[in-house]
1. Thr19's amide H: which non-local residues (gap 5+, or another chain) put their own amide H closer than 5 Å, with H modeled 1.01 Å from N in plane and none for Pro or chain starts?
2. Considering only DSSP states other than H, G, I, E and B, which GluC sites (Glu not before Pro) in the range 1-63 qualify as loop sites with at most 16 other Cβ atoms within 10 Å?
3. Residue-wise, which Karplus ³J(HN,Hα) couplings in Hz belong to the range 7-21, taking 6.51 cos²θ - 1.76 cosθ + 1.60, θ = phi - 60°, and x for glycine or proline?
4. May I ask you to derive the FRET efficiency for Val84 and Tyr15 from their Cβ-Cβ distance with R0 = 35 Å, giving the value to the nearest 0.05?
5. What residues have an amide H closer than 5 Å to that of Met35, excluding those fewer than 5 places away on the same chain, when H is modeled at 1.01 Å from N in the peptide plane?
Amino acid sequence: MMAEDPIPQEVLIDYQNRTVVSVANLRWANAQHTMLDADVLFAELEALGPVPFSTTADADTAHGREVWDKANAGDYGPIAAFSVPLNQQITDAPEDLFGGPTLGEVFHGN
């Protein structure tokens, strides 16, 4: 016998109707401050706990716009600064950053 899913499939599919319970770990998702990332607890998905969530000012859902508006109003506390992910820092770094062989030389034997 299979275990019953904690959340009905029709609730998972209906992403338009979510009730925000709490928002934590707010951070800018880009340097332009046009996208936010957070961990959001939704009433309909409470069994999952907080889930990763991204939103913008013109989000296509009411709860997305709600999180954006309240975050920018300070209702959830401060928004952490954007930080470039390490893999992007390495990719964007000059190839001779460390004064040794370039990345092309290391990976391609040039």
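1. So Thr19 has HN proximity to Ala43, Glu44.
2. Values: sites: Glu4, Glu10, Glu44, Glu46; in loops: Glu4.
Sites meeting the loop and neighbour criteria: Glu4.
3. Taking θ as phi minus 60°, the curve returns 10, x, 4, 5, 6, 5, 6, 7, 6, 6, 10, 10, 10, 6, 9 Hz for the range 7-21.
4. Details: r = 29 Å, r/R0 = 0.83.
Result of the calculation: an efficiency of 0.75.
5. Amide H neighbours of Met35: Ala29, Asn30.
Read-outs throughout are calculated quantities, based only on the coordinates presented, and are distinct from any laboratory measurement. In this text, all values refer to a predicted model and were calculated from it rather than measured experimentally. All Cβ positions, glycine included, derive from the backbone under ideal geometry; neighbour counts span all protein chains shown.
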